[in-house]
Amino acid sequence: MIRAYELTKRYGDTTVVQDLDFSVRPGTVTGFLGPNGAGKSTTMRMLLGLDAPTRGRSTIGGRAYATHSAPLTEVGALLEARSVHPGRTAFHHLMALAHTHGIPRGRVEHVLDLAGLTSVAGKRVKGFSLGMGQRLGIAAAMLGDPATLILDEPVNGLDPEGVLWIRTLLKSLATQGRTVFVSSHLMSEMALTADHLVIIGRGRLLADTTVADFVATAGGTAVKVVTPRASALCDLLRGPGIDVIGANGPDALEIRGTDSAHIGRVAAAHAIPLYELTPLAASLEQAFMDLTQESVEYRVTAPEPTGALA
């Protein structure tokens with residue numbers, strides 16, 4: 001289990017992480033989410049003893065990371081996959097790590113095969129693509145057969161086959177009873193991989209819950225409507241708390257903040273024909289955007305709608 005107790009990190013007058021308190025339990029894949037600049041990488045570095053907290057503490061398996069006598073066999077970590085000597089081969093990079101813990105050659109060969117790198121084990125890392133570098137980083141994290149995995153953006157640079165591989169691997173590791181803590185900006189992938197979520201914004205904890213509960217409570221409601229009088233229906237429905245946007249065609253709308261019954265009554269009262277009126281399940285991406293909208297570091301202006309809604 002990973003446990004954070006009021007973790008706080010300041011750099012001068014800037015507070016990057018503030019009073020984070022959460023647990024990551026064995027047997028689940030826990031997604032660690034937040035906008036850019038939220039403090040995710042700093043938090044992971046504090047968990048691994050790479051950054052000292054200004055206040056608070058953390059434990060992995062009931063102990064601070066630095067107190068583990070053989071950390072590779074307790075915690076596997078991937079923070080920066082490219083931090084490898086470029087002149088070494090994949091095999092010799094892993095063997096150098098293995099020698100520090102008395103890990104046998106057979107285990108090195110096993111994780112190379114697990115990561116799909118056996119055919120390039122003798123190649124120098126400087127020639128690796130981003131995806132191959134990620135695979136090598138994951139192989140290194142798995143080298144000591146650890147009970148806990150802490151992975152920062154492990155799918156970055158992977159092709160679709162690689163994304164499927166890491167998704168299957170993480171879920172399999174959790175099924176074995178391991179603790180899996182993984183950050184990602186890919187909401188669609190987290191929706192398929194994670195069981196639990198820890199979400200932060202501007203260094204503060206925003207949510208610590210299951211994926212299902214988070215989507216149900218934070219995602220709001222949305223209804224897809226198809227009507228030849230989309231513009232007229234928009235004008236009738238717009239109001240406080242109700243958002244109307246275009247969706248896949250000039251006659252299609254996505255309406256948030258009300259339900260299909262209200263939309264149907266308004267349309268019927270004004271003789272507006274409806275070709276489709278379908279409640280939409282909230283997505284993890286939309287729920288995340290709704291929760292973190294006040295915590296984003298950089299904002300962009302949405303384009304003006306076109307077609308019937310212009």
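Annotations
- Some residue of the stretch 96-104 being in contact (Cβ under 8 Å) with a residue 40 or more places away in the chain and in contact with a Phe, Trp or Tyr (Cβ under 8 Å, 6 or more places away or on another chain): no
- Checked against (1) over 30 Å from Gly106 (Cα atoms); (2) part of a helix (DSSP H, G or I); (3) modelled with pLDDT under 95, Thr42 meets all criteria but (3).
- Number of residues in the stretch 1-31 that are without any contact (Cβ under 8 Å) to a residue 12 or more places away in the chain and in a loop (DSSP other than H, G, I, E, B) equals 2.
- Filter result (surrounded by fewer than 19 Cβ atoms within 10 Å (Cβ to Cβ), closer than 23 Å to Leu117 by Cβ and not charged (D, E, K, R)) within the stretch 170-210: Ser172, Gln176, Leu186
- Qualifying residue in the stretch 64-71 (condition: closer than 19 Å to Val180 by Cα and within 21 Å of the chain's Cα centre (by Cα)): no
- Number of positions in the stretch 115-155 that are in contact with a Leu (Cβ under 8 Å, 6 or more places away or on another chain), more than 19 Å from Arg25 (Cα to Cα), touching a residue at least 40 places away in the same chain (Cβ under 8 Å) and not in a helix (DSSP H, G or I): 3
- Test: residue in the stretch 81-90 that is surrounded by 13 or more Cβ atoms within 10 Å (Cβ to Cβ) and part of a helix (DSSP H, G or I): yes
- Boolean, Arg107 is basic (Lys, Arg), outside any loop (DSSP other than H, G, I, E, B) and free of Cβ contacts under 8 Å to residues at least 60 places away in the same chain: yes
- Some residue of the stretch 174-194 being farther than 21 Å from Ala282 by Cα, basic (Lys, Arg), within 20 Å of the chain's Cα centre (by Cα) and not in a loop (DSSP other than H, G, I, E, B): no
- Output for the stretch 180-207, where each listed residue is over 28 Å from Arg10 (Cα atoms) and either among the β-branched types (Val, Ile, Thr) or not assigned by TED's automatic domain parsing to the domain that holds Ala38 (or both): Thr193
- Unique match (being modelled with pLDDT of 95 or more, of a type outside the set (Asp, Glu) and crowded, with 16+ Cβ neighbours inside 10 Å) among Ala139, Ala218: Ala139
The values are calculated or read from the model by the stated rules, or taken from the named source; none is laboratory data. Predicted model, so just to flag it, every value in this text is computed and none were measured. Counting neighbours? That spans all protein chains shown, and the Cβs are built from the backbone with ideal geometry, glycine included.
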